[in-house]
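Presented below is the structure to which this report refers.
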Amino acid sequence: MSLSSGHLIQLFKYNFLITLEHLSYKTRSLRKEDVKKKWLLIDAENKVLGRFASQVASIIRGKHKVSFTPHVDCGDNVVVVNAAKVSMTGNKEASKEYIHHTGFPGGQRIKTSQILKRDNPTKIVRQAIVSMLPKNKLGHKLSGNLYVFSGDSHDKNAQKPEMFSLKY
């Protein structure tokens with residue numbers, strides 16, 4: 001095997017000359033043009049909200065891929081169905097409060113998760129997932145890769161999302 005002298009390492013160990021091939025591992029950093037995104041369909045039925053949200057946020061960020069690059073949108077597009085059937089542990093269903101402010105004096109509005117789930121179940125799941133993404137320009141862009149639907153049906157059939165099961 002003929003290698004140039006730049007690719008060989010010579011070691012002197014126990015008075016013997018050992019020649020090894022030098023392996024060079026370089027960290028590959030993806031560009032946004034090189035990213036291959038997929039569409040994933042995830043069912044939220046009977047899933048615990050916090051664990052579910054952290055795993056979906058990791059998928060949206062792209063941490064499940066070998067080619068993860070922190071400063072690039074390399075995650076997949078995620079379609080979440082059955083958001084109305086997500087569960088919460090403990091007494092959070094009745095006691096957890098979601099606070100919203102209108103921007104006007106005295107405009108603070110408080111709703112419990114029970115009321116919010118009745119009125120808009122997709123908002124609970126979306127807020128839980130988006131709050132686990134980075135709080136910067138990239139995180140705002142990544143939140144556009146999330147599509148949440150309260151029932152079984154969704155309008156992303158043209159993208160042909162693959163069914164994806166979570167690990168827990």
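Read-outs: derived from the displayed coordinates by stated rules, not from any lab. Keep in mind it's a predicted model, so treat the numbers as computed, not measured. Here the Cβ positions follow ideal geometry from the backbone for every residue, glycine too, while neighbour counts run over all protein chains shown.
Annotations for the structure displayed:
- Within region 135-150, tally of residues that are in contact (Cβ under 8 Å) with a residue 12 or more places away in the chain and either part of a helix (DSSP H, G or I) or not aromatic (Phe, Trp, Tyr) (or both): 8
Quick grid of which residues meet (1) within 16 Å of Arg51 (Cβ to Cβ); (2) touching a strand residue (DSSP E or B) at 6+ places or on another chain (Cβ under 7 Å):
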{"position": "Asp76", "(1), (2)": "no, yes"}
{"position": "Val79", "(1), (2)": "no, yes"}
{"position": "Thr89", "(1), (2)": "yes, yes"}
{"position": "Thr112", "(1), (2)": "no, yes"}
{"position": "Lys135", "(1), (2)": "no, no"}
{"position": "Gly144", "(1), (2)": "no, no"}
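- Take the conditions (1) part of a strand (DSSP E or B); (2) in contact (Cβ under 8 Å) with a residue 12 or more places away in the chain; (3) farther than 30 Å from Ser29 by Cβ; His100 misses just one of them, which is (2).
- Among (1) of a type in the set (Gly, Ala, Ser); (2) in contact (Cβ under 8 Å) with a residue 60 or more places away in the chain; (3) loosely packed, with under 14 Cβ neighbours inside 10 Å, the one test that Gly90 misses: (2)
- Selection of region 26-42 for residues being under 13 Å from the mean Cα position of the chain (by Cα) and outside any strand (DSSP E or B) yields Lys37, Lys38.
- Filtering region 26-78 to residues that are surrounded by 16 or more Cβ atoms within 10 Å (Cβ to Cβ) and touching a Ser or Thr at 6+ places or on another chain (Cβ under 6 Å) leaves Leu30, Thr69.
- The residues of region 105-129 that are hydrophobic (A, V, I, L, M, F, W, C) and without any contact (Cβ under 8 Å) to a residue 40 or more places away in the chain, listed by number, are Ile110, Ile115, Leu116.
- Any hit, region 118-130, residues being closer than 23 Å to Asn46 by Cα, in a strand (DSSP E or B) and not aliphatic (A, V, I, L, M): no
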